[in-house]
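Novice: Here you go, one structure.
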Amino acid sequence: MTVQALINAAIRPEIRALTAYKVADATGFIKLDAMENPYVWPDELKAEWLKVVHDAEINRYPDPEAKSLCRTLKEYNQIPATSDLILGNGSDEIIQLLLMALPADATVMAPEPSFVMYKQIAQCLGLNYQGLPLLADSFELDISATLTAIKEQQPAIIFLAYPNNPTGNLFDSEAIAQIIEQSNGLVIIDEAYAPFTDFSFIAKLTEYNNLLVMRTVSKLGLAGLRLGFIAGNPSIINELNKARLPYNINILTQCSAEFALAHPDMFAEQTATICTERARMFLQLSVLKGISPSQSAANFILFRTPANKATDIFNALKSKNILIKNLSPQQGLLSDCLRVTIGKPEENNAFIKALKETLQALQ
Ligand SMILES: *Cc1c(COP(=O)(O)O)cnc(C)c1O
């Protein structure tokens, strides 16, 4: 048998049609592409953490339900007592879990542009995916078109990133409430960027059966651990738990996350610094000729560049050792757009300086 024949026999056509999620090699770069927290821990804290890791029984399976970590996350995130949690190997795994549990003919909806994994995983599983175009200038939900689409297509699940990635804005909360109220399916509010905004739907969990709120520790400063969770009605969480692999949160993640979350002041200080830098970066970008940044409630800024120049600017920054994200190839509302993650002040300064030089050279 040829390899192609094997692939045809063993791999579904919708998977063959996809391209794998690619991550740029960032070795040696000022890394402002992936919404990571740029700060590392002080040495004393690392030493304390290593003691915790030292005592982890890695010969044993971890707690399959990660009960202690669930309690910590519930408290840290002020989840209502009447809601339950399910943990995932990153919130990516939770998106996969939610979509795996859907009926085969279900429709999945998400705004476009938004986080690419909603569509990627839906297509991988052969589900019906429907994008909801955002409004051109504000990146706001087109609420009347969205409500019509919901009524006509009855999606089993809708994902709303709040704040949205890659645009950075918070959708109108009234519009989201209408979507929750008029949906007969689940509405997932993805709060991956919760550390950088005061707005949240967590307090609304007690109001709606069909609302689930998903968060991750990745953007907070623990991307390497791979840990996310979703909170919602205990009966719904109970069903999802049946589709979850038993030991999906490894022991090193369980003990390290518990240790890290016992230091909320450190994270609060780091995220506050990132928010201050976000405001400074926004101002610096907005005075650059040809650049228009979007307001952001997250730890990144999307900005529009002069027509047909985004890829040149991206490559010029790369040659100056600065890695950001080029979104222009995604076309549509993202044509001519680049996204920069907020880094340390000196990294942000290096980015602004390199961008200025690049824009001057373009003229
Ligand atoms: C980064 C991101 C995630 C993925 O988070 P992980 O927990 O690292 O898998 C999910 N949703 C949105 C909107 C994101 O930007």
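The values are calculated or read from the model by the stated rules, or taken from the named source; none is laboratory data. Just so it is clear, the structure is predicted and the values come from calculations on it, not from any experiment. Note that we place each Cβ from the backbone using ideal geometry, even for glycine, and neighbour counts take in every protein chain shown.
Novice: Step by step: first the residues of segment 241-261, then only those that are among the small types (Gly, Ala, Ser) and surrounded by 16 or more Cβ atoms within 10 Å (Cβ to Cβ), then the one that is farthest from Leu227 (Cα to Cα). Which residue is that?
Specialist: Per the criteria, the residue is Ala260.
Novice: Return yes or no: is Ile237 more than 16 Å from the ligand (Cβ to nearest atom) and over 30 Å from Pro103 (Cβ atoms)? Let's see the steps before the verdict.
Specialist: Working: more than 16 Å from the ligand (Cβ to nearest atom): yes; over 30 Å from Pro103 (Cβ atoms): no.
So Ile237 fails the test.
Novice: Okay, moving on. Under the condition of being more than 14 Å from the ligand (Cβ to nearest atom) and in contact with a Ser or Thr (Cβ under 8 Å, 6 or more places away or on another chain), which residue from segment 202-230 is nearest to Glu277 (Cα to Cα)? Write out each step before concluding.
Specialist: Going through segment 202-230, the residues more than 14 Å from the ligand (Cβ to nearest atom) turn out to be 202-211.
After this cut, where a residue has to be in contact with a Ser or Thr (Cβ under 8 Å, 6 or more places away or on another chain) as well, the list is 205-206, 210.
Values: Leu205: 32, Thr206: 35, Asn210: 36 Å.
Of everything passing the filter in segment 202-230, Leu205 is nearest to Glu277 (Cα to Cα).
Novice: Take the conditions part of a helix (DSSP H, G or I) and modelled with pLDDT of 95 or more and apply them to Ala47. Does it pass?
Specialist: Judged against the criteria, Ala47 is a match.
Novice: With respect to the numbered conditions (1) closer than 25 Å to Tyr129 by Cβ; (2) away from the ligand (no atom under 16 Å from the Cβ), which one is the sole condition not fulfilled by Leu97?
Specialist: (2)
Novice: Which numbered condition in (1) touching a helix residue (DSSP H, G or I) at 6+ places or on another chain (Cβ under 8 Å); (2) within 21 Å of Glu191 (Cα to Cα); (3) part of a helix (DSSP H, G or I) is the only one that Ile86 fails?
Specialist: Tallying (1) touching a helix residue (DSSP H, G or I) at 6+ places or on another chain (Cβ under 8 Å); (2) within 21 Å of Glu191 (Cα to Cα); (3) part of a helix (DSSP H, G or I), Ile86 fails exactly one: (3).
Novice: What is the one condition in (1) β-branched (Val, Ile, Thr); (2) within 18 Å of the chain's Cα centre (by Cα); (3) away from the ligand (no atom under 16 Å from the Cβ) that Ile121 does not satisfy?
Specialist: The single condition Ile121 does not satisfy is (3).
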